[in-house]
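Step one of this worksheet: look at the structure below.
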Amino acid sequence: MALSRREFVKKGSLSLSFALAGSNILLSPAEAYAKEVPFTVLNAGEVLTLESVCEILLSGATESGVAHFVDHQLGVDPNDSLLVLKYFSFPPPYTDFYRPVLAALKELSQTMFSKNIQSLNEQQGREFIEAIRDKNPPDWKAPPAPLAYLALRNDTVDVVYGTPEGFKKLGVPYMEHILPPEGWS
Amino acid sequence: MSKNEKVDVVIVGSGAASSVYAALLAEAGKSVVMLEKGTARKLDDLYSSQTWARRLKWATPHMMEESKDSIWYNFNAGHGYGGAAIHHYAVWPRYHPEDMKELSLYGKGLDWPFEYDVLRPYYDQIQSDVGMSGDAEKEIWRPAGDPYPLPPVLQSNHGTVLAKGFAALDQPTSPIPMAILSQPYKGRDACIWDGWCDAGCPTGALANPLVVFIPRALKAGAMMKPDCHVTRVMTDTKGERATGVEYFDSKGERHEQHADVVVLCAFTIENPRILLNSATDKHAKGLANSSGTVGKYIMSHPAVTAFGMFDEDMQNYIGATGGQLLTQHRFPKEEGAFGSQQWEIALALKPNDLLGIAMSRADLFGNDLHRFMKEGSRGMSSMVAVIEDLPQAENRIELSDKKDKYGMPLALAKHSWHDETRKLFHETAKEGLEIIKAAGAKEAWHSPPGGQHIMGGTIMGHDPTNSVTNENAQCHDVPNLVMGGGGVFPTSSCVNSTYTIHAMAMKSAHHLTENWATIVK
Ligand SMILES: Cc1cc2nc3c(=O)[nH]c(=O)nc-3n(C[C@H](O)[C@H](O)[C@H](O)COP(=O)(O)OP(=O)(O)OC[C@H]3O[C@@H](n4cnc5c(N)ncnc54)[C@H](O)[C@@H]3O)c2cc1C
Ligand code: SF4
């Protein structure tokens, strides 16, 4: 059953099958972002919140397609999901995590600064993240804020640094055996 | 409801333990079927990506937890062909003789129903079957055993630098014993040290179940079926013999698989869950549970990872995920807080996921995180200590009042460390920082506690009033019902469990074939 190295399929790294112009095509989350592939689970407001928070967590998150990544994973069978949330014993469906978390984050920014997250300056962004990192902020109405911090931070690191492009940015070789194949959805 | 044709042996699960039972029983001429709850999987489904590796984990919950110290079920369990073992790191040290006589020697823990010498020939046979790499002489703490068939795994600068830290504290290190091929072996290619073991090694260099024992089982005629969610072991009207298992397919249809012998290898949590769910009027407390011991003595190794930041290129991106070097210098159980401890040294690192570079400093974000990633991707070191978890009856699996979609109650885990274990954890975390600093790191820090290798819950012993199985993993109450996996271990040692799971399954499978007529009578 063992495979020799040359038999391995080599394709795009974190490629996901997105529906575009009526057919399923294989794109990385970053390509999906660049092509403005429509979202299937998250609404426009949720996408904006997600991208804004992840951008504070790690700049480059939006362009790396963090929202397309999360949106896609929320649409698949949870056992096939690639979200790190799986490790944290949060029972699926994972929309029951992301929806209330994104709503609570949006509200928190208003409570703390009377501003949308995307309008926070650097110092405010830092205070905003510190407010959720270690404990629930007052009146938090969502799954635990530190879990939200960990999950969104991991999602961000997955798309920014967990891909061959990410390894390249870090100056280390990817050395894959098999990259995810075309046609998976 | 559908009834399948009766077989000699039905094995529940397709992971580490199942694969050994299936191969040996099928090779002995028995008709064997393996029922796996998860998906069918091939080696070329194992993509090199820490993100994609999460497909190997369960999302649907099987277990609730009310623990002071979590057993880390989701991290440790896996699903689909190969089970958790499909992406295990293949660090394979042996149990020590004293682990199996803990109660007699120290008045703590429990005794195994046999001594090390009984298991030794199976360890030797398994290491030859799978092709282990190591240096038996340099492992000065290693119990008696044949030398490894292959030379040690790769050592990069990562291992060399950390070894200096251990040496400075007078702690010897050795190459880490691994079920990974350092050279081609029995038609399989050698490892190329790219560090993708956690995502599952597709080349056959690492002895996961799809590489050695499942191919042998299939070649000898065993069948393996995916999407079979086993819920109950069925018994005869007297309740003395297992007659097969009940399972549900992914469409929710109920099936029965009858067999002369039932082997439960559904991992440490699911085995007691199935037994407790198999209660009948003859076994009101659950099957094989006349002693009340099913589910008790759950153990999960406390683990702590010590990290360092160095100015030089550590070559931390090459090697096997499980590490390059080992020390069991602090194995003696009575040096300080009671229990054994080992360090697995120089784990190959990737940027993301739970054990990745980013998570080692979960507090950082923004530009601080960018800077840390850049520096850590060549300069960070990693080593993990595994600590003995003492068996305690109150650490247990029960049935929850929540049910899954087949109406089967979820497992409920309750687990906390012994005070000695907590002390040993803190001593170990402190020691880790000293070693890293002695190796020349400009910064040293450690992780919060984790849990590795879940064991216990269906422990073996001589006495049917305080154990679930005998020394051959046959249930005392139902001798044609056999348990596979670390669930039968009465003590946890501090060593990774999978080598011993293999050796124990081989011992039990030999016993079954040699005593078949009596057992199925
Ligand atoms: C990331 C990681 C790294 C590890 N590294 C090491 C290491 O370096 N060294 C080491 O010794 N160990 C390591 N381990 C532990 C090792 O994987 C386990 O010890 C081993 O897999 C346990 O074997 P098992 O047969 O009991 O369970 P598994 O291999 O998990 O197999 C159990 C199978 O049973 C199936 N199953 C469960 N319930 C049912 C049901 N109701 N019906 C049907 N099927 C069912 C599961 O889906 C699974 O496929 C590691 C584990 C992980 C997750
Ligand atoms: S490091 Fe070796 S064992 Fe691990 S995935 Fe690569 S080839 Fe396989």
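The values are calculated or read from the model by the stated rules, or taken from the named source; none is laboratory data. From a predicted model like this one, the values you see are computed outputs, not experimental measurements. All Cβ positions, even for glycine, are placed from backbone atoms using ideal geometry, and neighbour counts span all protein chains on display. The accessibility values were calculated without ligands, DNA or RNA, using every heavy atom of the protein model including side chains. Shrake-Rupley method; radii C 1.70, N 1.55, O 1.52, S 1.80 Å.
Some points to look at:
- Any hit, the stretch B:311-323, residues being within 14 Å of another protein chain (Cβ to nearest Cβ), under 17 Å from B:H446 (Cβ atoms) and within 13 Å of ligand 1 (Cβ to nearest atom): no
Yes or no, residue by residue, for (1) surrounded by 16 or more Cβ atoms within 10 Å (Cβ to Cβ); (2) at pLDDT below 90; (3) at negative phi; (4) touching a Cys at 6+ places or on another chain (Cβ under 6 Å):
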{"site": "A:S4", "(1), (2), (3), (4)": "no, yes, yes, no"}
{"site": "A:E7", "(1), (2), (3), (4)": "no, yes, yes, no"}
{"site": "A:G12", "(1), (2), (3), (4)": "yes, yes, yes, no"}
{"site": "A:F18", "(1), (2), (3), (4)": "yes, yes, yes, no"}
{"site": "A:T40", "(1), (2), (3), (4)": "no, no, yes, no"}
{"site": "A:V47", "(1), (2), (3), (4)": "yes, no, yes, no"}
{"site": "A:A67", "(1), (2), (3), (4)": "yes, no, yes, no"}
{"site": "A:F88", "(1), (2), (3), (4)": "yes, yes, yes, no"}
{"site": "A:T95", "(1), (2), (3), (4)": "no, no, yes, no"}
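- Residues (within 16 Å of ligand 2 (Cβ to nearest atom) and either assigned to a loop (DSSP other than H, G, I, E, B) or of a type in the set (A, V, I, L, M, F, W, C) (or both)) located in the stretch B:304-322: B:Q315, B:N316, B:Y317, B:I318, B:A320, B:T321, B:G322
- Some residue of the stretch B:199-211 being touching a His at 6+ places or on another chain (Cβ under 6 Å), within 12 Å of ligand 1 (Cβ to nearest atom), closer than 29 Å to B:S48 by Cβ and within 14 Å of another protein chain (Cβ to nearest Cβ): yes
- The single residue among B:V245, B:V294, B:V263 that is crowded, with 23+ Cβ neighbours inside 10 Å, under 20 Å from B:S400 (Cα atoms) and more than 16 Å from ligand 2 (Cβ to nearest atom) turns out to be B:V294.
- If you check B:G165, B:G195, B:G134, B:G145 for being of a type in the set (G, A, S) and open to solvent by 20 Å² or more (accessible area, probe 1.4 Å), only one passes: B:G145.
- When B:E431 is tested against (1) acidic (D, E); (2) closer than 19 Å to B:E66 by Cβ; (3) buried (at least 17 other Cβ atoms within 10 Å of the Cβ), only condition (2) is not met.
- Top-ranked residue in the stretch B:352-374 [being under 25 Å from the mean Cα position of the chain (by Cα) and of a type outside the set (V, I, T); ranked as nearest to B:E139 (Cα to Cα)]: B:L355
- When we screen B:A220, B:A190 for residues that are aliphatic (A, V, I, L, M), more than 30 Å from B:R54 (Cβ to Cβ) and more than 10 Å from chain A (Cβ to nearest Cβ), the only hit is B:A220.
- Restricting the first member to the stretch B:80-103 and to residues that are closer than 14 Å to B:R55 by Cβ, and the second to residues that are within 14 Å of ligand 1 (Cβ to nearest atom) and among the basic types (K, R), the beta-carbon pairs closer than 8 Å and six or more apart or on different chains are B:G80/B:R41; B:Y81/B:R41; B:G82/B:R41; B:I86/B:R41.
- Scanning the stretch B:243-299 for residues that are of a type in the set (S, T, N, Q) and within 28 Å of B:Q452 (Cβ to Cβ) returns B:T268, B:N271, B:N277, B:N289, B:S291, B:T293.
- Residues that are surrounded by fewer than 22 Cβ atoms within 10 Å (Cβ to Cβ) and either closer than 15 Å to B:M455 by Cβ or out of contact with any Phe, Trp or Tyr (no Cβ under 7 Å at 6 or more places or on another chain) (or both) within the stretch B:88-105 comprise B:E98, B:K101, B:L103, B:S104, B:L105, listed in sequence order.
- Picking from residues in the stretch B:106-131 that are touching a residue at least 12 places away in the same chain (Cβ under 8 Å) and small (G, A, S), the one that is surrounded by the most Cβ atoms within 10 Å (Cβ to Cβ) is B:G109.
- Taken together, the residues in the stretch B:348-385 that are assigned to a loop (DSSP other than H, G, I, E, B), open to solvent by 20 Å² or more (accessible area, probe 1.4 Å) and either within 8 Å of another protein chain (Cβ to nearest Cβ) or over 30 Å from A:I56 (Cα atoms) (or both) amount to 3.
- In the stretch B:266-287, the residues that are within 11 Å of ligand 1 (Cβ to nearest atom) and assigned to a loop (DSSP other than H, G, I, E, B): B:A266, B:N277
- All strands (runs of 3 or more DSSP E) inside the stretch B:386-478 with 1 or more residues being among the charged types (D, E, K, R): B:396-403, B:409-414, B:443-446
- Taking the listed residues B:M460, B:M455, B:M408, the one that is over 20 Å from the mean Cα position of the chain (by Cα) and hydrophobic (A, V, I, L, M, F, W, C) is B:M408, with no other qualifying.
- Residue identified as in a helix (DSSP H, G or I) and either within 14 Å of chain B (Cβ to nearest Cβ) or among the β-branched types (V, I, T) (or both) among A:F90, A:F128: A:F128
- Of the residues making up the stretch B:202-221, those that are open to solvent by 10 Å² or more (accessible area, probe 1.4 Å) and outside any helix (DSSP H, G or I) are B:T203, B:V211, B:V212, B:A220, B:G221.
- Test: residue in the stretch B:170-179 that is free of Cβ contacts under 8 Å to residues at least 60 places away in the same chain and either in contact with a Gly (Cβ under 9 Å, 6 or more places away or on another chain) or within 16 Å of ligand 1 (Cβ to nearest atom) (or both): no
- All told, B:T305 meets the bar of being within 24 Å of B:W141 (Cα to Cα), open to solvent by 10 Å² or more (accessible area, probe 1.4 Å) and modelled with pLDDT of 95 or more.
- Taking the criterion of being more than 16 Å from ligand 1 (Cβ to nearest atom) and either crowded, with 21+ Cβ neighbours inside 10 Å or not polar (S, T, N, Q) (or both), the residues of the stretch B:183-192 that qualify are B:P184, B:Y185, B:K186, B:G187, B:R188, B:D189, B:A190, B:I192.
- For the stretch B:43-91, the set of residues classified as near ligand 1 (Cβ under 8 Å from one of its atoms), hydroxyl-bearing (S, T, Y) and more than 15 Å from the chain's Cα centre (by Cα) consists of B:Y81 only.
- Matching entry among B:A59, B:A23 (being small (G, A, S) and more than 9 Å from chain A (Cβ to nearest Cβ)): B:A23
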